[in-house]
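This report refers to the structure that appears directly beneath it.
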Amino acid sequence: MLTTAGIEPIFNTIMKKTHIVALIITFGLAIAALNNTIGTIQKDLKEIQELFETQKAYNTWVHGILENHRKVLQALIDHNNRNFL
């Protein structure tokens with residue numbers, strides 16, 4: 001017949017192993033969640049980088065147009081100055 005004194009060591013041994021398994025599972029789930037979060041962040045950063053490159057190309061295009069307009073305006077100013085003087 002088992003007494004309380006006989007059950008406690010068995011129960012403690014089983015619970016210790018159960019706690020260890022629970023900690024391992026919890027740690028594994030935490031790592032999986034972090035990995036998923038990192039993957040999501042990497043995907044978002046890649047999308048942001050692509051948008052940045054698109055914006056950069058657009059800004060370069062607009063800069064070229066503005067530079068051409070500046071040259072035209074400077075030519076008009078120079079022409080008006082020659083004709084005015």
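The values are calculated or read from the model by the stated rules, or taken from the named source; none is laboratory data. Model, not experiment: these values are computed from the prediction. Here Cβ is always computed from backbone atoms with ideal geometry, including for glycine, and neighbour counts include all displayed protein chains. The area values use the complete protein model at the heavy-atom level, side chains included, leaving out ligands, DNA and RNA. Shrake-Rupley method; radii C 1.70, N 1.55, O 1.52, S 1.80 Å.
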Tell me the residue from Thr26, Thr37 that is open to solvent by less than 80 Å² (accessible area, probe 1.4 Å) and either in contact with an Asp or Glu (Cβ under 6 Å, 6 or more places away or on another chain) or of a type outside the set (Gly, Ala, Ser) (or both), please.
Thr37
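Just give me the residues in the stretch 9-36 being modelled with pLDDT under 75 and not aliphatic (A, V, I, L, M), in sequence order. Let's see the steps before the verdict.
Kept after step one, since they are modelled with pLDDT under 75, are these residues of the stretch 9-36: 9-15.
Across the stretch 9-36, the qualifying residues are Pro9, Phe11, Asn12, Thr13.
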